[in-house]
Amino acid sequence: MKPRPPTLRANRRYLLVRIAPVSFVPDGKPLYLAIAEAVSALYGDAGAAVIDQAVVAVERGHAIVRCRRGEEERLMAAVATVSAVDGTACALHPRAVSGTILSLRDRLVPPPESVLLDETVDGEIVRQRRRIGAARVDVIEHDYKGERVVYFETIHPEER
Amino acid sequence: MRTDVRTYAGGDTTVERMALEAGALGYGAIVSVGGPPMTCGAVRVIPGVYVAAEKPNQALAAVRRAAEGTFVTVRLGEQGFNRAAAGFAGVHALSGVYRCRRNSFDHVAARTAADRGVAIELVLAPLVRERGGLRQAALRRYADVLVLHHRYGFPLVLGSGARSCLDLRAPRAADALCRLFGLDEDGVEAALTGVETLMSPTLPVRVVE
């Protein structure tokens, strides 16, 4: 199929969103489905067709979401209403909007690696305390349902 | 200083962590209902009291019990309660307008709130968590409050209603959500930065002899 000439293509905008918590790395498809559901719920099918959202990339704790130019504010509002992806609680925080993916990748600051502090086993449930950066500690629970963050805390300044 | 006026202590997130995450999102302070006063990094934690009472005298008693330096919010209810609550001394904000009946926060309560400098709190949680009719009702109520806000000039404040740090929303996201019911960028900024004025209102000059 011959591609359209550039002057006939729709103009796009790209939204960089940070995915919280850090330990959660969703696949592109469940993330797309969550955002599509949020857009449809907020603006209906007609609005979703105009916004024309798509997940372009999920990398280094961030996602790049595409929309039609002029619709970035509406996409941002819809993205803010996403509270779970594939059944896992999470939040998508908008960081930047740009006309090119390249400039968003330049602005992308990867989150710090998590470090295992300790691990406790309670029957079939395994709880890990993982330090993220200097102060943040996530308690992650592993069981037959999978992995999820159950508690968010901080590390005492003297222990850093 | 941008402030999120509604976070709760006692969820899956410690108050310190909530403050850290709020700081990372661009807030300078949070009001933590049930939380202690503290400063975590560059973020100030203001203790909050949320009064949910059936009758005005019960609410007034609870407001009087609130400690100095706390951000006191009263949950709105029926029309008579709302008119009384808007005039309570020591109340900083009235909350829960999204769960009220239509017109229960009316022009009389709005005028009283404007005269007393009491803010109306717009909580983002129903816009984020709810779907369908409940979210539509919240958007209608907030749009209605906005009409009264433009007419009478009472202050607005914004809160996420977060029990977990995953419920916090960045100011940019709050701005996008507020556009849904017609609050513009300047209005959002005023709502996010209005807490300091509410906590220490400008009083008329008194002559001390």
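Being of a type in the set (Gly, Ala, Ser), at pLDDT 90 or above and assigned to a loop (DSSP other than H, G, I, E, B) is the filter here; which residues of segment A:100-136 pass it?
Correct list: empty.
Determine which single condition B:Leu168 fails, assuming it passes every other condition in (1) within 12 Å of another protein chain (Cβ to nearest Cβ); (2) within 28 Å of B:Ala66 (Cα to Cα); (3) surrounded by fewer than 16 Cβ atoms within 10 Å (Cβ to Cβ).
(3)
What residue, among those in segment A:16-39 that are within 10 Å of another protein chain (Cβ to nearest Cβ) and over 13 Å from the mean Cα position of the chain (by Cα), is nearest to A:Ala96 (Cα to Cα)?
A:Ala38
Which of the residues spanning segment A:85-98 are more than 9 Å from every other protein chain (Cβ to nearest Cβ) and either modelled with pLDDT of 95 or more or touching a helix residue (DSSP H, G or I) at 6+ places or on another chain (Cβ under 7 Å) (or both)?
A:Val85, A:Asp86, A:Ala96, A:Val97, A:Ser98
For residues that are of a type outside the set (Gly, Ala, Ser) and without any contact (Cβ under 8 Å) to a residue 40 or more places away in the chain, scanning just segment B:119-139, find the one that is surrounded by the most Cβ atoms within 10 Å (Cβ to Cβ).
Within segment B:119-139, the match that is surrounded by the most Cβ atoms within 10 Å (Cβ to Cβ) is B:Ile120.
Every residue, every condition in (1) over 16 Å from the mean Cα position of the chain (by Cα); (2) buried (at least 19 other Cβ atoms within 10 Å of the Cβ); (3) among the basic types (Lys, Arg), yes or no:
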position: B:Met1; (1), (2), (3): no, no, no
position: B:Val5; (1), (2), (3): no, yes, no
position: B:Thr13; (1), (2), (3): yes, yes, no
position: B:Ala19; (1), (2), (3): yes, yes, no
position: B:Ala24; (1), (2), (3): yes, no, no
position: B:Ile30; (1), (2), (3): no, yes, no
position: B:Cys40; (1), (2), (3): yes, yes, no
position: B:Val45; (1), (2), (3): no, yes, no
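Of A:Val65, A:Val50, A:Val39, A:Val55, which residue is crowded, with 20+ Cβ neighbours inside 10 Å, part of a helix (DSSP H, G or I) and at pLDDT 95 or above? Quick ask: steps written out before the conclusion?
Working: A:Val65 fails: part of a helix (DSSP H, G or I); A:Val50 fails: crowded, with 20+ Cβ neighbours inside 10 Å; A:Val55 fails: part of a helix (DSSP H, G or I).
Answer to the check: A:Val39.
Can you give me the number of residues within segment B:102-158 that are within 14 Å of another protein chain (Cβ to nearest Cβ), over 19 Å from A:Ala38 (Cα atoms) and part of a helix (DSSP H, G or I)?
1
Which one of the conditions (1) over 16 Å from the mean Cα position of the chain (by Cα); (2) more than 14 Å from chain B (Cβ to nearest Cβ); (3) free of Cβ contacts under 8 Å to residues at least 40 places away in the same chain does A:Arg68 fail to meet, given that it meets all the rest?
(3)
For segment B:192-206, check the following and say yes or no: at least one residue is away from chain A (no Cβ under 14 Å) and small (Gly, Ala, Ser).
Looking through segment B:192-206, at least one residue is away from chain A (no Cβ under 14 Å) and small (Gly, Ala, Ser).
Against the condition in contact with a strand residue (DSSP E or B) (Cβ under 9 Å, 6 or more places away or on another chain) and under 27 Å from A:Ala36 (Cβ atoms), how does A:Ile125 come out, does it pass?
no
If we scan segment B:82-95, do we find a residue that is touching a Lys or Arg at 6+ places or on another chain (Cβ under 8 Å) and part of a helix (DSSP H, G or I)?
No, segment B:82-95 contains no residue that is touching a Lys or Arg at 6+ places or on another chain (Cβ under 8 Å) and part of a helix (DSSP H, G or I).
The values are calculated or read from the model by the stated rules, or taken from the named source; none is laboratory data. All figures in this text were calculated on a predicted structure; none of them were measured in a lab. Note that we place each Cβ from the backbone using ideal geometry, even for glycine, and neighbour counts take in every protein chain shown.
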